Amino acid sequence: MAFDIDRAYRLHDRVALRPEPFGALAYHYGNRRLNFVRAHDLVTVIESLAQHDTVRSAFASAGIDARRWPAFEKALASLAASDFLVVA
Amino acid sequence: MSLSADMKAGLQAPICLTWELTYACNLQCVHCLSSSGRRDPHELTTSEAEAVIDEIQRMKVFYVNIGGGEPTIRPDFWHLVDYCVDHNVGVKFSTNGSRIDAAAARELALSDYVDIQISIDGSDAATNDHVRGEGSFATALRAMDHLADADFGEFKISVVMTRHNIGQLDRFAALADRYGAQLRLTRFRPSGRGADSWHELHPSDPQQRRLYQWLLDRPDVLTGDSFFHLSALGDPLPGLNLCGAGRVVCLIDPVGDVYACPFVLHDDFRAGNVRDTGGFENVWRHSELFAEMREPQSAGACGSCGQFDACQGGCMAAKFFTGIPLDGPDPECVLGHGEELVSAAATAAKPPAGADHSRSAPVKFLGRR
């Protein structure tokens, strides 16, 4: 299923985030994959997804400049593709 | 900043932490990185090992690669595995398979957090036992049979690439397929007893090229980022393609010493001990050695080579134990820059050696071949 910023997503239950100087490291205990989240405000967005009905609303609430939305959407879509994010 | 630059500057905790639980081993492989054989009387006690697990859980080290020696020889091995799992630290352990009987395999199959890696170094008994000792191939296969019978799922078959087994790549892949296992190939390093067997066993240049092509065709084969020196041949191999020592990777040895990577068990690369004040976290974040390794490194003699960005000068441990300066080329540089230096170093001073835990010295090959 294609990633849709008008839907609600949340972090998979078996994913842990570790803060790093570049953002965060994400690890999935289920599929044992590792992902790099390479922006601090992207980490903020990911952590807040569960409180929003849409990804769009999480972007807006974190104050992400609209010009950066496409890049953020791409990063989140890739996390969803490897099961790090799931549809809420 | 690039991902590679982020990694080189160091992380809050390692991504890949190897923990060798004991120097005791029932085998005496001729390429053993840690020259294992006899247990060290100062190895961490059960409660000290539990304290390390508590600490790496706090640091969010997501999983630990347990090895040795043969880790399952420790009487508290299964307890420590359970302790990791209960503390949200995933376990991947390497074994020669000698203790993986039907009951152990059934137990292992119950956990989602435990991954197992069985080592073989040949696709047949003759090639394997030459390096790992008589009967070790049959033992490893028996362990694989037990795991398959217990429906463990996808375990890993781990092979160190040597001059004698690179011709067997397709057979290793077929063996892994037969067991529904994942194949993992790693680089032969001149560390530990590997320093003595390196000249006979390390792959030839044509073999390295063949391995590179084979790996490009099979991105699903795991390599632990071992072969980044081959990336100088063209397209980079999958992975970070950099030396992670002290930056992304480190090793805790059985007595709690922390080294920059699993291939440099030598005083020059010892950053501290988990028993020191501040424990592992303090060593990882504040040791002088690791701070130095996270500084930008000079390309040295390789600076003028057009392929430096691809191979980054290769493996630090491989250089160190063949007597090549750390800012020199990899001894197995695919452009041939290392060869001369290796022979020069071999005729000059004897390259450095690490501590030896072998049961009886010297370890002999089963026969020349």
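The values are calculated or read from the model by the stated rules, or taken from the named source; none is laboratory data. All figures in this text were calculated on a predicted structure; none of them were measured in a lab. Glycine gets a Cβ as well: all are built from the backbone with ideal geometry, and neighbour counts include every protein chain shown.
Computed values, structure above
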{"item": "Residue tally, condition touching a residue at least 60 places away in the same chain (Cβ under 8 Å) and in a loop (DSSP other than H, G, I, E, B), over the stretch B:54-84", "result": "3"}
{"item": "Sole residue being surrounded by fewer than 21 Cβ atoms within 10 Å (Cβ to Cβ) and either within 14 Å of chain A (Cβ to nearest Cβ) or in a loop (DSSP other than H, G, I, E, B) (or both), chosen from B:Glu43, B:Glu48", "result": "B:Glu43"}
{"item": "Identity of the residue in the stretch B:311-341, touching a Ser or Thr at 6+ places or on another chain (Cβ under 9 Å) and assigned to a helix (DSSP H, G or I), that ends up modelled with the lowest pLDDT", "result": "B:Leu341"}
{"item": "Failed criterion for B:Gly90 (all others in (1) free of Cβ contacts under 8 Å to residues at least 60 places away in the same chain; (2) under 21 Å from B:Arg142 (Cα atoms) hold)", "result": "(2)"}
{"item": "Test: B:Gly239 is in a strand (DSSP E or B) and more than 15 Å from the chain's Cα centre (by Cα)", "result": "no"}
{"item": "Pairs, first touching a residue at least 24 places away in the same chain (Cβ under 8 Å) in the stretch B:148-161, second of a type in the set (Ser, Thr, Tyr) and in a strand (DSSP E or B), C-beta under 6 Å, six or more apart", "result": "B:Ser158/B:Ser119; B:Val160/B:Thr186"}
{"item": "Selected residue (only one of B:Leu17, B:Leu27, B:Leu108 is over 26 Å from B:Ala138 (Cβ atoms) and not basic (Lys, Arg))", "result": "B:Leu17"}
{"item": "The lone exception for B:Leu265 - which of (1) in a helix (DSSP H, G or I); (2) aliphatic (A, V, I, L, M); (3) buried (at least 20 other Cβ atoms within 10 Å of the Cβ) it fails", "result": "(1)"}
{"item": "Extreme residue, modelled with the highest pLDDT, among residues of the stretch B:275-310 that are in contact with a Pro (Cβ under 9 Å, 6 or more places away or on another chain) and closer than 16 Å to B:Pro325 by Cα", "result": "B:Cys302"}
{"item": "For B:Ala232: the one exception among (1) within 27 Å of B:Val159 (Cα to Cα); (2) part of a loop (DSSP other than H, G, I, E, B); (3) in contact (Cβ under 8 Å) with a residue 60 or more places away in the chain", "result": "(2)"}
{"item": "Residue check for B:Ala271: of a type in the set (A, V, I, L, M) and under 24 Å from B:Ser2 (Cβ atoms)", "result": "no"}
{"item": "Scope the stretch B:182-201; condition over 18 Å from B:Pro262 (Cα atoms) and buried (at least 22 other Cβ atoms within 10 Å of the Cβ); matching residues", "result": "B:Leu201"}
{"item": "Selected residue (criterion: surrounded by the fewest Cβ atoms within 10 Å (Cβ to Cβ)) from residues of the stretch B:1-39 that are closer than 28 Å to B:Thr95 by Cβ and of a type in the set (S, T, N, Q)", "result": "B:Asn26"}
{"item": "In the stretch B:90-147, residue nearest to the other protein chains (Cβ to nearest Cβ) [restricted to those that are of a type in the set (Gly, Ala, Ser), outside any helix (DSSP H, G or I) and in contact with a strand residue (DSSP E or B) (Cβ under 7 Å, 6 or more places away or on another chain)]", "result": "B:Gly90"}
{"item": "Residues satisfying the stated conditions in the stretch B:1-24, i.e. in contact (Cβ under 8 Å) with a residue 40 or more places away in the chain, in a loop (DSSP other than H, G, I, E, B) and out of contact with any His (no Cβ under 6 Å at 6 or more places or on another chain)", "result": "B:Ala9, B:Gly10, B:Leu11, B:Gln12, B:Ala13, B:Pro14, B:Ile15, B:Leu21, B:Thr22"}
{"item": "Residue in the stretch B:25-34 that is within 18 Å of B:Pro262 (Cα to Cα), more than 14 Å from chain A (Cβ to nearest Cβ), among the hydroxyl-bearing types (Ser, Thr, Tyr) and in a loop (DSSP other than H, G, I, E, B) present", "result": "yes"}
{"item": "Residue list for the stretch B:5-23, filter: within 11 Å of chain A (Cβ to nearest Cβ) and either closer than 16 Å to B:Asn273 by Cα or touching a strand residue (DSSP E or B) at 6+ places or on another chain (Cβ under 7 Å) (or both)", "result": "B:Leu11, B:Gln12, B:Ala13, B:Pro14, B:Ile15, B:Cys16"}
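Conditions tested, residue by residue: (1) surrounded by fewer than 20 Cβ atoms within 10 Å (Cβ to Cβ); (2) at pLDDT below 95; (3) of a type in the set (Phe, Trp, Tyr).
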{"site": "B:Val64", "(1), (2), (3)": "no, no, no"}
{"site": "B:Gly67", "(1), (2), (3)": "no, no, no"}
{"site": "B:Pro71", "(1), (2), (3)": "no, no, no"}
{"site": "B:Arg74", "(1), (2), (3)": "no, no, no"}
{"site": "B:Leu80", "(1), (2), (3)": "no, no, no"}
{"site": "B:Asn88", "(1), (2), (3)": "yes, yes, no"}
{"site": "B:Thr95", "(1), (2), (3)": "no, no, no"}
{"site": "B:Asp101", "(1), (2), (3)": "yes, no, no"}
